[in-house]
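Participant: Before I ask anything, let me first share the structure, which is written out below as structure tokens.
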Amino acid sequence: MKKTILLLVVVIAASIVTVFTQTKSEELKKNKKQIENEIANTQKLLNKTKENKNYSLQQLSMLRKQISNREQLITALNNEIFELEQELDLNIKLSQSLDKKLEYMKADYSRIVYQSYKNRRMIDKVTFILASEDFTQMYRRFKYYTVFAENVKHQVRLIRETQEEIKTKNQAILLLKEEKSQLLTGKEQEIRKLEVDRNAKTRTAESLKKQEKQLASELTGKQKKRKELDAAIKKAIQEEIVAANNKKAKEAKDKGSTTVKEGSKNEIALTPEEKVLNTSFVNNQGKLPWPVERGVKVSDFGNYPHPDVPSVMIENRGIDILVEEGTAVRAVFEGEVTAVLDVLGTKVLMIRHGEYLTVYQNLKDVKVKKGDKVKTKQLIATVAKSSGLSSFELHFEVWRNNTYLNPNSWLTRK
């Protein structure tokens, strides 16, 4: 009896751990799938940049991103293989426990059958029941035979169920072994592809090194244009703050209030409705959808030396996302369109979410106008071709009043 209870405890504990392991395994598979999708998308964009026979900084950036993607995928595969081995080990132990359980059950059943066989000639069942001294004894004797028969049937049923469970568990073990084999094969393939990408990056970097002066000149020109664009965007944001506050000041004055200072350049005075929207935007920090459904970040936020031409400092108030031609741009959160601008040959769109603003630059086919209310993920424009390039890049920024913020801390992790 004690052995049976111990076996049941082991089986239940193993089952609980198996369920936990399977849940973690599903999360790992989901993460791996996301990385695989990112690799496929990056490869598609990389192939586009390779159509240009001359090596480019963009191509090198894409190769660097793809190498990072493949390294993440190999790590994800290693994690999945490890979890699979854990699950496989648990299933084997559970199968062994079930084998033991079946062994004890068969032994118990054998004893019952043997005991029944020994007593079969001692006395006839009906005679034994009818020979009872009173009705109560008769009932007890009848109940004894009924319970005995039910117990035999129950034991047979348990044995069959356990045999089926062992069969199912063994099939699961075979499937896990096959899955592990496929993962190992996939890992080997990714390692080979990683080596190919690393070699391509080395060749591209060596080729571009010969053009460093020319590239530095091009990047410096691009940075100069970016600063002019940044200044124009900041000016537009300051004008939006002043215009919004002047409007509210006028409305307050008409109502006999002076709570809003006319012409303020620092902060947007919020209405009660805007405060609700502002709070909602803040509560979604780190959860905002990306402004494009698919794309690869090729230039990050901040001030830093260019990774391939260190003599040039990058000053980026947002992030740059390389996309395919025809990619739609979507609002990352609900709000009001406060400006659609033509700045230095590129269209810029600004959406206000309380005191926060999101800025989308390098657009065409803008589908909204100033004053429009937009919803989260609403399509607002299409990404335009980058100036002087054959590629398509979206520049995205997040501001709080007239201070720019790091978009990476606001967007959901890819």
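Just so it is clear, none of the values below were taken in a lab; they were calculated from the coordinates. Since we're looking at a predicted model, the values are computed, not measured. Note: ideal-geometry Cβ built from the backbone for every residue, glycine included; neighbour counts use all protein chains shown.
Participant: Just rank GLU274, GLU239, fewest to most, by other beta-carbon atoms within 10 angstrom.
Facilitator: GLU239, GLU274
Participant: For segment 190-257, just say rounded, prolate or oblate: build the C-alpha gyration tensor, square-root its eigenvalues into a ≥ b ≥ c, call rounded for a/c under 1.5, and beyond that prolate if a/b exceeds b/c, oblate if not.
Facilitator: Numbers: a/c = 13.17, a/b = 2.76, b/c = 4.78.
Note, shape of segment 190-257 comes out oblate.
Participant: With +1 on each Lys and Arg Cβ and -1 on each Asp and Glu Cβ, how big is the dipole of segment 305-404 about its Cα centre, in debye rounded to the nearest 20? Walk me through the intermediate numbers first.
Facilitator: Numbers: 13 positive and 13 negative charges, 97 e Å.
Taking the Cα centre of segment 305-404 as origin, the dipole is about 460 debye.
Participant: For segment 216-409, build the charge dipole from Cβ charges (+1 Lys, Arg; -1 Asp, Glu) around the Cα centre, then report which of THR327, ALA243, TYR360 sits farthest towards its positive end.
Facilitator: ALA243
Participant: Residue by residue through segment 359-370, which ³J(HN,Hα) values in whole Hz follow from phi under the Karplus form 6.51 cos²θ - 1.76 cosθ + 1.60 (θ = phi - 60°), with glycine and proline marked x?
Facilitator: 10, 10, 10, 6, 10, 8, 6, 5, 9, 10, 9, 4
Participant: For VAL312, list long-range residues whose amide hydrogen, built 1.01 Å from N in the peptide plane, is under 5 Å from its own amide hydrogen.
Facilitator: Under 5 Å from the amide H of VAL312: HIS306.
Participant: If you put +1 on each Lys and Arg Cβ and -1 on each Asp and Glu Cβ, how big is the dipole of segment 216-409 around its Cα centre, in Debye rounded to 20? Kindly include the intermediate steps, with their values, before the conclusion.
Facilitator: Details: 31 positive and 26 negative charges, 92 e Å.
The calculated dipole for segment 216-409 is roughly 440 debye.
Participant: Which number comes out as Rg/Rh for segment 216-409 once both Rg and the Kirkwood Rh are worked out on C-alpha atoms?
Facilitator: Details: Rg = 17.4 Å, Rh = 17.5 Å.
Dividing the radius of gyration by the Kirkwood radius yields 0.99.
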